[in-house]
Amino acid sequence: MNRPRQKGTRGENYFLAHLRTVWPAAERAPLRGTLDRGDYVNVPFLIEAKNTERPLFKQWVRVLRVKAGGSDRWVLVWKGDARTADGQPIMIIDFHFGMELLAMWQGTLENFSQNPTSTPRFFGLPGGDAPRAPVVGLPAARA
């Protein structure tokens, strides 16, 4: 196996360990060339992992959107540049998927689902609703 592929495998394994804390059945996906549907299986949406020194976010997102087939439910994770003090892992998601996750966090997903083009009313923002019970599986919202 060549060095870039080894580095990519290390990155995928790094994220796999974290993904398994949420989805214990998560596994690395087999290589499929042009039929690639992300780096992991047994997860609810497309997840692509990158482990490079130089991030190519715009290019990666363009490819991810094509792989997702029009769905906004995809995740890009980049391990970060370990050579720097701020080289922490980064997660990038589609804006609409992010809004859906925020609505779930706040317990307003039902309202958001009925009108996904509007911004959910979040507690703490002007016109926001009072907080509701947390969604099972998500940490309670911070005050």
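Identify all residues within region 66-82 that are of a type in the set (A, V, I, L, M), modelled with pLDDT under 95 and more than 18 Å from Glu53 (Cβ to Cβ); write none if there are none.
If the condition is that a residue be of a type in the set (A, V, I, L, M), modelled with pLDDT under 95 and more than 18 Å from Glu53 (Cβ to Cβ), then Val66, Ala68 are the ones that fit.
Could you please give the count of residues in region 56-80 that are crowded, with 16+ Cβ neighbours inside 10 Å and more than 11 Å from Ile93 (Cα to Cα)?
5
Among the residues of region 7-21, what is the count of those that are among the small types (Gly, Ala, Ser) and surrounded by 14 or more Cβ atoms within 10 Å (Cβ to Cβ)?
2
Of Pro24, Pro44, Pro30, Pro4, which residue is assigned to a helix (DSSP H, G or I) and surrounded by fewer than 15 Cβ atoms within 10 Å (Cβ to Cβ)?
Of the residues listed, the single one that is assigned to a helix (DSSP H, G or I) and surrounded by fewer than 15 Cβ atoms within 10 Å (Cβ to Cβ) is Pro4.
Spot the failing condition for Ala85; the list is (1) modelled with pLDDT of 90 or more; (2) within 30 Å of Arg5 (Cα to Cα), and only one is missed.
Answer for Ala85: the failing condition is (1).
The values are calculated or read from the model by the stated rules, or taken from the named source; none is laboratory data. Being a predicted model, the structure only gives us computed values, none of them experimental. Neighbour counts run over all protein chains shown; Cβ positions are idealised from the backbone, glycine included.
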